[in-house]
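The next block holds one structure in the form of structure tokens; read it before the comments.
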Amino acid sequence: MEYSHNDAELIQQPIGYWSWAAFKAVVSRTQAALAELGTTQPQWWVLAQVARADTARFRPEVSRLLENYLDTGSEAMEGEIDRTIAQGWITEDPEGRLSITEEGRAFYDKAAALQGELWAERHAGISDEEYLTTLKVLQRFIHNTGGRAWHH
């Protein structure tokens, strides 16, 4: 791969631009790949939360957890939960517990395999050490600028 600038010039490049460009590239690629499977990224989040849970998750819990992902918002997240139910991938009982269906489990397995492929694609040529350093540096930028991430 060829970098945009030499090291001396790269050190002067704005983090805002490059973090935005990385965000846009990663999210666009992920969303396009999921669209090819017939789902949206928020529906994948819902499905993953329900599929990976040891016990049934309550709708408000799932909605609250996911509403800040990519600034989706609670109203949009509620709609995505409804659409995931309409797809037949999860069900909701009268108490608001969400459970995965057999069809949902099969789709989850397919989408999870795709997510694994996307992970490998994104991480090609990047060591675990480089990745760890990158995440720590990005979190330090968030902290230094008074920003907030989901873990705050």
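Picking from residues in segment 89-128 that are part of a loop (DSSP other than H, G, I, E, B) and touching a Phe, Trp or Tyr at 6+ places or on another chain (Cβ under 9 Å), the one that is farthest from A35 (Cα to Cα) is E95. Against the list (1) touching a strand residue (DSSP E or B) at 6+ places or on another chain (Cβ under 8 Å); (2) within 21 Å of I126 (Cα to Cα); (3) among the hydrophobic types (A, V, I, L, M, F, W, C), the condition V26 fails is (1).
Is segment 127-146 home to any residue that is open to solvent by less than 60 Å² (accessible area, probe 1.4 Å), within 25 Å of W20 (Cα to Cα) and more than 15 Å from the chain's Cα centre (by Cα)? Yes, that holds for at least one residue. For the criterion of being at pLDDT below 95 and touching a strand residue (DSSP E or B) at 6+ places or on another chain (Cβ under 8 Å), G96 passes. I'm trying to understand the selection: among the residues of segment 48-64, which are out of contact with any strand residue (DSSP E or B) (no Cβ under 7 Å at 6 or more places or on another chain), in contact (Cβ under 8 Å) with a residue 12 or more places away in the chain and either surrounded by fewer than 20 Cβ atoms within 10 Å (Cβ to Cβ) or more than 13 Å from G96 (Cβ to Cβ) (or both)? Result: A48, P60. Looking at this structure, is A35 closer than 28 Å to I142 by Cβ and in a helix (DSSP H, G or I)? Taking the combined requirement at face value, the residue does not satisfy it. Can you say whether G88 is touching a helix residue (DSSP H, G or I) at 6+ places or on another chain (Cβ under 6 Å) and either of a type in the set (F, W, Y) or farther than 19 Å from S19 by Cβ (or both), as far as the supplied structure shows? Considered against the rule, which asks whether it is touching a helix residue (DSSP H, G or I) at 6+ places or on another chain (Cβ under 6 Å) and either of a type in the set (F, W, Y) or farther than 19 Å from S19 by Cβ (or both), G88 comes out as yes. Scanning segment 1-23 for residues that are open to solvent by less than 100 Å² (accessible area, probe 1.4 Å) and among the β-branched types (V, I, T) gives a single hit, I15.
Beta carbons closer than 6 Å, at least 6 apart along the sequence or on distinct chains, pair a first residue in segment 65-89 that is at pLDDT 95 or above with a second that is loosely packed, with under 15 Cβ neighbours inside 10 Å and not aromatic (F, W, Y) for G88/E103. Scanning segment 65-101 for residues that are within 18 Å of the chain's Cα centre (by Cα), open to solvent by 70 Å² or more (accessible area, probe 1.4 Å) and among the polar types (S, T, N, Q) returns a single hit, N68. If you check D128 against the conditions, is it free of Cβ contacts under 8 Å to residues at least 60 places away in the same chain, under 30 Å from M1 (Cα atoms) and among the charged types (D, E, K, R)? Answer is yes for this residue. Of the numbered criteria (1) over 28 Å from A25 (Cα atoms); (2) at pLDDT 95 or above; (3) open to solvent by less than 90 Å² (accessible area, probe 1.4 Å), the one Y108 fails is (1).
The values are calculated or read from the model by the stated rules, or taken from the named source; none is laboratory data. Predicted, not measured: the structure shown is a model, and the values here were computed from it. Cβ sites come from the backbone with ideal geometry, for glycine too, and all protein chains shown count toward neighbours. Note: areas computed on protein heavy atoms with side chains; ligands, DNA, RNA excluded. Shrake-Rupley method; radii C 1.70, N 1.55, O 1.52, S 1.80 Å.
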